[in-house]
Amino acid sequence: MPSWRLVAAGLALAAYALLSHVLMVLAGDKPWAVAALLGPLVLVVAGVAWRQRHLPTLLLCTAVLGWLAWVGASGQAQSINRLYLLQHAGVHLALGCAFAFTLRRGATPLITALAAREHGTMTPVKALYTRRVTCVWACYFGVMVVLSLVLYAWAPWWVWSMFANLATPVAAISLFVGEHWLRYRLHPEFERASMLQALRAYRSTSAVEARHP
């Protein structure tokens, strides 16, 4: 991925996060806002599924887009705030499970698979480190689910919206960058890999898993 595309993607995500927060605070109870907020996410997932030729995901995205179009056109929706909560907590729960399931006995931890795809050989030290990083990410997603539920139940709506739309991406990027920085302080003997290489390895591994579920 060229650097300009990475910057453009980052700016687009930041703009979407800010717009989502504004819409949730000012028009969060409007059915059309549901389509405006969730539609782009579904389109991104559909685009990935199309590139990877994953028919079940494409069919699911088509159904969700049809439902969002109906909600926006009819003006009928119930418990809209709970739908936002379901989207935020559900995505993080799914990601947490995806990482945690690879930690079971006999499985290859997700970060270990990424490192092996990028560097080939895995030493015992590197395998242990990547397993721990996989565990950290699984715990991170679990904490985000708990925080999302707690803030939704006890905090004002605008606080939850700020957490979901602004703090969440900042936290994920901070963990990603922080781990990359700490890795070579703890293990200077590890092969050097840029964050762009890590992203490419993740995309490559995801594509293989999609073709061979």
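The values are calculated or read from the model by the stated rules, or taken from the named source; none is laboratory data. None of the values given here were measured: they were computed from a predicted structure. So basically every Cβ, Gly included, is an ideal-geometry build from the backbone, and we count neighbours across all protein chains shown. All accessible areas refer to the heavy atoms of the entire protein, side chains included, with ligands and DNA or RNA removed. Shrake-Rupley method; radii C 1.70, N 1.55, O 1.52, S 1.80 Å.
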Inset, instruction - Can you tell me which residue within the range 117-135, out of those that are touching a residue at least 24 places away in the same chain (Cβ under 8 Å) and of a type in the set (A, V, I, L, M), is farthest from C97 (Cα to Cα)? - result: V125
Inset, instruction - Determine whether the range 99-118 contains at least one residue that is surrounded by 13 or more Cβ atoms within 10 Å (Cβ to Cβ), under 20 Å from V146 (Cα atoms) and not acidic (D, E). - result: yes
Inset, instruction - Return yes or no: is Y140 part of a helix (DSSP H, G or I), closer than 25 Å to H187 by Cβ, modelled with pLDDT of 90 or more and open to solvent by 30 Å² or more (accessible area, probe 1.4 Å)? - result: yes
Legend entry - Candidate set: the range 143-170, residues that are hydrophobic (A, V, I, L, M, F, W, C), touching a residue at least 24 places away in the same chain (Cβ under 8 Å) and more than 26 Å from A107 (Cβ to Cβ); chosen: the one surrounded by the most Cβ atoms within 10 Å (Cβ to Cβ): A164
